[in-house]
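Chemist: I have a structure I would like to understand better, so I am pasting it below and will then ask my questions one at a time.
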Amino acid sequence: MRVLIADDEKGVGSTLSALVVRCGHEVVQIVGSGWEAIQAYSRLKHDVVLMDFSMPRLNGATAARMIL
């Protein structure tokens with residue numbers, strides 16, 4: 001499974017990435033904002049997005065709605 005991670009805290013994104021890889025999946029990118037997640041969605045062929053709810057400027061819920 002190809003996973004996109006969106007989290008504004010680098011440590012959390014790195015930890016999630018390590019967990020995803022440990023489970024045998026591929027992390028296609030780690031982004032730091034809702035806007036970056038939307039842009040990555042249009043470029044990358046991923047299966048799942050792990051999205052932080054609380055991010056500055058554009059929260060995860062709004063970004064997820066825009067992606068869908």
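The values are calculated or read from the model by the stated rules, or taken from the named source; none is laboratory data. No experiment lies behind these values; they were computed from the predicted model shown. We place every Cβ from the backbone using ideal geometry, glycine too, and count neighbours over all the protein chains shown. Remember, those area values only see protein heavy atoms, side chains included, never the ligands or the DNA or RNA. Shrake-Rupley method; radii C 1.70, N 1.55, O 1.52, S 1.80 Å.
Chemist: Looking at the range 50-67, which of its residues are of a type in the set (K, R) and not in a helix (DSSP H, G or I)?
Modeler: Answer for the range 50-67, where residues must be of a type in the set (K, R) and not in a helix (DSSP H, G or I): just R57.
Per-residue answers, yes or no, for (1) acidic (D, E); (2) open to solvent by 40 Å² or more (accessible area, probe 1.4 Å); (3) modelled with pLDDT of 95 or more:
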{"site": "V3", "(1), (2), (3)": "no, no, yes"}
{"site": "D7", "(1), (2), (3)": "yes, no, yes"}
{"site": "S17", "(1), (2), (3)": "no, no, yes"}
{"site": "V20", "(1), (2), (3)": "no, no, yes"}
{"site": "Q29", "(1), (2), (3)": "no, yes, yes"}
{"site": "M55", "(1), (2), (3)": "no, no, no"}
{"site": "G60", "(1), (2), (3)": "no, no, no"}
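Chemist: Out of the range 1-30, which residues are in contact (Cβ under 8 Å) with a residue 24 or more places away in the chain and part of a helix (DSSP H, G or I)?
Modeler: If the condition is that a residue be in contact (Cβ under 8 Å) with a residue 24 or more places away in the chain and part of a helix (DSSP H, G or I), then V12, L16, V20 are the ones that fit.
Chemist: Any chance you could count how many residues in the range 31-49 are in a helix (DSSP H, G or I) and either open to solvent by 50 Å² or more (accessible area, probe 1.4 Å) or in contact with a His (Cβ under 6 Å, 6 or more places away or on another chain) (or both)?
Modeler: 6
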